Amino acid sequence: LFAHVLIALTNDMESNPGPNSTSLTICHANVQSIRNKMLFIKSDLMNKFKIITISETWLRSSDKNTDLNLPGYQPVFRKDRQVGTLGYGGVLAYISNDVSCKRRKDLERNDVEAMWLEFTVKHFKFLLCVAYRPPNSADDFWLQLEEMVTNIKARLTSNIMIIGDLNADPNTRQGHLLLQFTNANNLSVFNRQ
């Protein structure tokens, strides 16, 4: 039995769009450069959320994880924008030390700013995708995301959650493509401003 949820955040932060649980709290922030937002993360997010996801990190391979790690959290999970592409995207996740998590690179694509993490919470498994769709992305983003989800549904029996900044206002073509994607995959959209 699949219980799929899509959380599409198109603004900077939601206090807790995650599962209804007192033991698992999730937030997402679009920071437009994590380098100058570390104080915000440490003072406003750290120790308040078990899972902190970030989009638009603007990190490059030369940025060291040791400069990004937070006390009480596992070593940072990150997927930087591919070298040679325009812009400053990238996604990142901080996971509390007391949450069982592993990265699933086998589910990812190099050409999509989406990172998949597998969680086990009280014998309940789910996959969390941290995604960023730049505003000027072509329509093929949705096809690529669809391919990843189709692959997961064919291979795994996990619940799926997608969180991030998808830049898909409901009144635009991208918003309509998001709704087509969610309807095709039996997903629900929670869009917090």
Solvent-accessible heavy-atom area per residue, rounded to whole Å², over region 139-185 at 1.4 Å: 47 Å²
Taking H as built 1.01 Å from N, whose amide H comes closer than 5 Å to the amide H of V112, not counting residues under 5 places away? none
How large is the dipole of region 46-171 about the Cα centre if only Lys and Arg carry +1 and Asp and Glu carry -1, each at its Cβ, rounded to the nearest 20 debye? 620 debye
DSSP beta bridges in region 23-168: the antiparallel percent, rounded to 5, is 65 percent
Over 26 Å (Cα to Cα) - which of K37/K125; K122/K153; K105/K125; K48/K125 fall in this group: K37/K125
P(r) over all Cα-Cα pairs of region 30-77, 10 Å bins from 0 to the longest distance, whole percent per bin, short to long, reads 24, 64, 12
Of the accessible area of region 18-157, computed with a 1.4 Å probe and all protein chains kept, carbon and sulfur make up a percent value of 52 percent
Cα centroid distance between region 144-193 and region 85-129, in Å? 15 Å
7 Å from Cα along Cα→Cβ at both N171 and Y88: what's the point-to-point distance in nm? 2.8 nm
Rounded to whole Å and sorted largest first, what semi-axes of the equivalent ellipsoid does the C-alpha gyration tensor of region 132-181 yield via the square root of 5 times each eigenvalue? 22, 11, 10
How would you order 106-114, 119-127, 164-172 from highest to lowest mean count of nearby Cβ atoms within 10 Å? 164-172, 106-114, 119-127
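The values are calculated or read from the model by the stated rules, or taken from the named source; none is laboratory data. Every value quoted in this text rests on a predicted model; they were computed, and no experiment measured them. Backbone-built Cβ (ideal geometry, glycine too); neighbour counts: all protein chains shown. When the accessible area is computed, the model is the full protein with side chains, heavy atoms only, and any ligands, DNA or RNA have been set aside. Shrake-Rupley method; radii C 1.70, N 1.55, O 1.52, S 1.80 Å.
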